[in-house]
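**Q** Here it is, the structure, as structure tokens.
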Amino acid sequence: MFSKLVNLFLKENFSLKRILGFDYKKSKIKAILIGLAIVYALAVFIGAFGWMFFDLGKVLHQMQQTRLILNFLVVYIIGLSVIIVFFRANGSLFHYKDYEILSPLPIHPRTVLMAKLSVLLIILYVSSFLLTLPIVFSYFYWTGFSFTSAIIYFFAFLVLPLVPVVIMSLIALGLSFVTSRFRKSKLLNIILLFSFFIGIILWSFSLNETTLNPLTGQIEIFNGLSKNYPPMSWFMMAIHEKDLFDLLLLVLTHIIVFTVFVFGIQSIVNYTNQRGLRQNIKADGKPIKYQERGILSALVQKEVKKFFSIPLYAVNAGLGPVLLVVLSIGSLFYRSQIEGLLVEMVGSGLQVEVLLMILIGFCIAMTYTSAISLSLEGKNFWIVKSLPIKAEKIMLAKIVFNLLIILPITVISILLFGLSMQLLWYNQLLLILLASIFAVLISSMNAVINLYMPKFNFMNEVEVIKQSAGAFLGIFGGFALMITNGLVFFLLQKHLSFELLLICLTSLNFLLAFPFVMIVKVRSQKLFNKMQA
């Protein structure tokens, strides 16, 4: 029964039809395009992320400290475990939506819990493997491949996330209990999560020396963590020194903690799924106020409420603006560290305005609400299409909302960067103009993606926000537009001044945005009519 439940949960959440939002056998062209996008994404990731760690491995190899790469491996696996479990623990363990279906069945509750945990671990293992593959390659390349070390790494990799899973599951449950006592519990969750991210970023800036790049600056930090967190040193010694005793310590401690967690958490899982977490909402006795708004304003307000009602939505689609705020304000205090970070991530030899263009373009591309907001209507889409409002206006509201999230922050960030990095005032204005047009291009392109690949049939919002074709193509489509701008910049930089280059790129993005806006107008009405029929 356990294996059947695992297979069922995996098919429900990760079948190609559910991920794509359509039957790939009937839409082969769409499937091919998405396949090409996946190949492109992997190539970009391995090319950029892999090169950084390959170069780091070379530096450590020259220092005869190659084993320190394993500290990066541990930190990245644990970090990914923290993020994934924090977002999924409540929906996967403590408040799963199919509880009413599963509870009456003659299946032991612990079997269901183990199946849910297994699916969570599978997601974690696959994600960790893909993320850390360049690090593993760098380590075995510079130390030489060893079959024994590879086998030890396999077992150590399987058990390493278990303790973080236990800790983050309990933290997620505790935060739910605490925040559920407040009326704005979801907003409080969003604030707490962003505060955590901002704290980590500022902490890393304060610890890094200005003469070190971000990766080499983290060597001493991670080395210090290994001294205070024994599993890190066990992991490193087991693989690098082929120490079976350290491997045994790592495996036994993590399996024992995980086993105690599984048997001890069963009653809490039953309790939370039976009763749920109730919010304490007090009536203040104030009369209800009605405020008349225009159609577009009301639709945008609806998008705002949806955005902040789903913490996962706000955190994923709002990461770009938050990153811009943190880095632009941080540049006033940590200018050299941020410049070093940009140089390491992008490459040396580029002027600061170009580095800022890449950073701003990345943050705009990461703001992809218009690529998934239509899909998030879900089963309520019939209400939206039954309104006496033109379909194009509904999509326009989704585009405007995406612009409201990123554009004001982008303008303020450029001005702050201009102040801290002493940019010329007319270059700041040109950067603002380029960023504004690029934001319109990204928002309208994402709206087109969502219109052609809507996903209304989902069990959980996670499927739309993180697993849908719209989310995937929205993010990496934005990266593709950045590369297009980069190629144009590279081809013309020898012939035009920097100011003329910015004007050319602005014109290019305007020309690219215009057809997307026209497609939104035509396609939205066709989709609404099709769904109505």
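**Q** Check off (1) open to solvent by less than 20 Å² (accessible area, probe 1.4 Å); (2) part of a helix (DSSP H, G or I); (3) over 21 Å from Val488 (Cβ atoms) for Leu441 and give me the number that stays unchecked.
**A** Of (1) open to solvent by less than 20 Å² (accessible area, probe 1.4 Å); (2) part of a helix (DSSP H, G or I); (3) over 21 Å from Val488 (Cβ atoms), only one is false for Leu441: (3).
**Q** Out of the residues in segment 311-325 meeting the condition of being in a helix (DSSP H, G or I) and open to solvent by less than 10 Å² (accessible area, probe 1.4 Å), tell me which one is modelled with the lowest pLDDT. Quick ask: steps written out before the conclusion?
**A** Quick first cut of segment 311-325, residues in a helix (DSSP H, G or I) only: 311-317, 319-325.
Then keep just the ones that are open to solvent by less than 10 Å² (accessible area, probe 1.4 Å); that gives 313-315, 317, 320-321, 324.
Details: Tyr313: 83, Ala314: 83, Val315: 79, Ala317: 84, Gly320: 86, Pro321: 89, Leu324: 88.
Filtering segment 311-325 for residues that are in a helix (DSSP H, G or I) and open to solvent by less than 10 Å² (accessible area, probe 1.4 Å), the one modelled with the lowest pLDDT comes out as Val315.
**Q** Need a quick list: helices (runs of 4 or more DSSP H) entirely within segment 140-250 having at least 1 residues that are among the charged types (D, E, K, R) and modelled with pLDDT of 65 or more. Steps first, please.
**A** On the way: elements: 147-159, 162-179, 185-207, 214-228, 230-240.
Per the criteria, 214-228.
**Q** Continuing with the same structure: Check Leu492 against each of (1) open to solvent by less than 50 Å² (accessible area, probe 1.4 Å); (2) under 26 Å from Met357 (Cβ atoms) and name the one condition it does not meet.
**A** (1) is the only condition that Leu492 fails.
**Q** On to the next question. If Ile122 satisfies every condition in (1) closer than 28 Å to Trp51 by Cβ; (2) surrounded by fewer than 21 Cβ atoms within 10 Å (Cβ to Cβ) but one, which is the exception?
**A** Ile122 satisfies every listed condition except (1).
**Q** Follow-up. What are the residues in segment 241-268 that are open to solvent by 60 Å² or more (accessible area, probe 1.4 Å) and within 16 Å of Phe155 (Cα to Cα), if any?
**A** Glu241, Lys242, Leu244, Phe245, Leu248, Leu252, Ile255, Ile256
**Q** Now, a different point. Would a scan of segment 367-377 turn up a residue that is within 14 Å of Phe528 (Cβ to Cβ), over 27 Å from the mean Cα position of the chain (by Cα) and charged (D, E, K, R)?
**A** No, that holds for no residue.
**Q** Within the group Gln525, Gln532, which residue is surrounded by fewer than 14 Cβ atoms within 10 Å (Cβ to Cβ), at pLDDT below 85 and farther than 30 Å from Tyr426 by Cβ? Quick ask: steps written out before the conclusion?
**A** Values: Gln525 fails: surrounded by fewer than 14 Cβ atoms within 10 Å (Cβ to Cβ).
Answer to the selection: Gln532.
**Q** Return the only residue of Gln301, Gln279, Gln274 being surrounded by fewer than 16 Cβ atoms within 10 Å (Cβ to Cβ), modelled with pLDDT of 55 or more and touching a Lys or Arg at 6+ places or on another chain (Cβ under 8 Å). Steps first, please.
**A** On the way: Gln279 fails: modelled with pLDDT of 55 or more; Gln274 fails: touching a Lys or Arg at 6+ places or on another chain (Cβ under 8 Å).
Matching residue, one of Gln301, Gln279, Gln274: Gln301.
**Q** I would also like to ask the following. Considering every residue within segment 366-375, establish whether at least one is more than 23 Å from Leu312 (Cα to Cα), open to solvent by 10 Å² or more (accessible area, probe 1.4 Å) and at pLDDT 85 or above. Steps first, answer last, please.
**A** Applying the first criterion (more than 23 Å from Leu312 (Cα to Cα)) to segment 366-375 yields none.
Checked against the condition, which is being more than 23 Å from Leu312 (Cα to Cα), open to solvent by 10 Å² or more (accessible area, probe 1.4 Å) and at pLDDT 85 or above, segment 366-375 yields no hits at all.
**Q** Give me the residue from segment 376-390 that is touching a residue at least 12 places away in the same chain (Cβ under 8 Å) and outside any helix (DSSP H, G or I) and, out of that set, surrounded by the fewest Cβ atoms within 10 Å (Cβ to Cβ).
**A** Lys390
**Q** Restricting the first residue to segment 467-487 and requiring it to be open to solvent by less than 20 Å² (accessible area, probe 1.4 Å), which pairs with a second residue that is of a type in the set (Ser, Thr, Tyr) and outside any helix (DSSP H, G or I) meet a Cβ separation below 8 Å and a spacing of at least six or different chains?
**A** Cβ pairs passing all conditions: Ala471/Tyr368; Gly474/Tyr368; Gly478/Tyr368.
The values are calculated or read from the model by the stated rules, or taken from the named source; none is laboratory data. Bear in mind that the values here come from a model prediction, so they are computed numbers and not experimental data. Positions of Cβ are generated from backbone atoms using ideal geometry, with glycine treated the same way; all protein chains shown enter the neighbour counts. The protein model used for the area step is the full one, side chains on, heavy atoms only, and it has no ligands, DNA or RNA in it. Shrake-Rupley method; radii C 1.70, N 1.55, O 1.52, S 1.80 Å.
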